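A short worksheet on the structure shown next.
The values are calculated or read from the model by the stated rules, or taken from the named source; none is laboratory data. Everything numeric in this text was worked out from a predicted model, so none of it was measured. Please note: Cβ atoms are built from the backbone with ideal geometry, for glycine as well, and neighbour counts cover all protein chains shown. With ligands, DNA and RNA removed, areas are computed over all heavy atoms of the protein, side chains included. Shrake-Rupley method; radii C 1.70, N 1.55, O 1.52, S 1.80 Å.
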Amino acid sequence: MHDMTTAAETARDVRNSAPTLPLAGRAKDLVGSMIDSSTSLLAAQSHDIVRFAMGSPADEAVPADEFRQIAGEILDNTSFTYGATEGEPRLLQLLVDYLATTPDPSSHDRLVITTGGMQGLDLACKLFVDPGDLVVVESPTYTNGSATALSYGAQLLEVPVDDEGMQVDQLEDLVARTRQTPKAIYTIPTFQNPSGVTLSEERRRELLRLAHTWGAVVVDDDPYGLLRFAGTDIPTFQTLSPGDPLVFSVRTFSKILAPGWRVGWVDADPSLRQLLINGKQAMDTCTNVPNQHIVAEYIARGGLEDHLAGIRTLYRERKDAMLDAIARHLGDRVTTTDPEGGFFLWVTLQEEFAEIDTRELFEVALADGVAFIPGPALSPGGRFRNSMRLCFASSTPDRIDEGVRRLTSSLEKMAR
């Protein structure tokens, strides 16, 4: 005990005698991400864990063998030097060609390749958000996105989400109460992270109207739009308002190919392209060149659409498996969303579980061998204490059933 006390006192003395670091004022707003931190936390565990936490594609949904083959065949000296900040020319052309087959065609003057979708969100905030600006976010939301806005000094306004996405009918009144005009509206309109719900066409149109009323940019973050496995497509913001300078679209290959590539893109008004390039040059000069070459070659070989068809089927089976497991093990003691695509279910505790805080549940469940993201981690204000996000995409149906069984056991322990 004495030795431990002495060590603690020594550490305190060192801290007290150390010079104060000249941190920037914005450092206090670097809030981090429990979502990303869960990767390190789970890697440190030695027992078997069913992983419903990280929103990552299934290992078997990543065409790793093809990537290895492509890498062995095409990478050469040109793959290991600096690249164009806006993206490798071949990837940009192939992306334009591919997007021409989707509801969101684009052109070279609108596209910049980014280091994942997160860099696209950072560039949006770099361009549009000043300290003190009001930024609208969904509630719940992808808090990596809201954390990016906070890092630029934004004031966040949380707007509730229901089965049709952001409750846009409440937005005008909520904004009026702040006595500020929004500078940006951050939305994940399709198969939203974390809820899985999709913004209806009517609400998309109204959101665009409000954006133009306020002169606010719509930061349209859509990593999941190509992963629809049920229902019918809803027109995107780009479709509803073609060429709209107030629509800034962020996209990524992370959810449709592999997150480790860290390759995404932004689709924005051509007047912004040089600013985006300038902003990116102050961040990383260029996106990883070998990874761009491999992604480009994969698209060029024509496998992307077949790959997407396969993983849509896979993810539908896994979503159904998770809903079936929840119905079997938990019944009416929870409610869930029922997404038509994407990766996630949003689960809210009911009945004897209703007072359980999912932050406390997380520790119990982790020990019992199942991981998820607690609801408060998906709200800048720490709301949704009795809710959680479950990822169905990355586990097999058998593992999903086992994970839900373990989760049920954890809940029943806490309810006693």
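Values as computed for the structure displayed
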{"item": "Net lengthening on full extension, GLU351/ALA282 (0.36 nm per residue, minus Cα-Cα)", "result": "19.7 nm"}
{"item": "Distance violations [Cα-Cα > 30 Å] among LYS126/LYS319; LYS280/LYS319; LYS28/LYS280; LYS126/LYS255; LYS28/LYS183; LYS255/LYS280", "result": "LYS126/LYS319; LYS280/LYS319"}
{"item": "Loop sites in region 293-378: GluC sites (Glu not before Pro), DSSP, at most 15 other Cβ within 10 Å", "result": "GLU355"}
{"item": "Extent along principal axes [Cα atoms of region 99-179; Å; largest to smallest]", "result": "41, 31, 20"}
{"item": "Accessible area (Å², 1.4 Å probe, nearest 10) - TRP265", "result": "20 Å²"}
{"item": "Summed side-chain charge close to GLY196 - residues other than GLY196 whose Cβ falls under 15 Å, Lys, Arg +1, Asp, Glu -1", "result": "-2"}
{"item": "Fraction of beta bridges assigned by DSSP in the chain that are antiparallel (%, nearest 5)", "result": "50 percent"}
{"item": "Within region 274-318, backbone nitrogen closer than 15 Å to the virtual label 7 Å beyond the Cα of PHE80 toward Cβ", "result": "289-291"}
{"item": "Residues whose placed amide H lies under 5 Å from that of ALA154, excluding near-sequence neighbours", "result": "GLY132"}
{"item": "Coil-residue chymotrypsin sites (Phe, Trp or Tyr not before Pro) of region 58-157, DSSP, other Cβ within 10 Å capped at 14", "result": "TYR82"}
{"item": "Percentage of interatomic Cα-Cα distances in the chain larger than 43 Å", "result": "14 percent"}
{"item": "Computed [θ] at 222 nm, helices only, for the chain once each DSSP H run of length n ≥ 4 contributes -39500 (n - 2.57)", "result": "-13500 deg cm²/dmol"}
{"item": "For LEU361, net neighbour charge (Lys/Arg +1, Asp/Glu -1) across residues whose Cβ lies under 12 Å away", "result": "-2"}
{"item": "Percent carbon-and-sulfur accessible area, the chain, ignoring ligands, DNA and RNA, probe 1.4 Å", "result": "51 percent"}
{"item": "DSSP beta bridges in region 181-329 [antiparallel fraction, %, rounded to 5]", "result": "35 percent"}
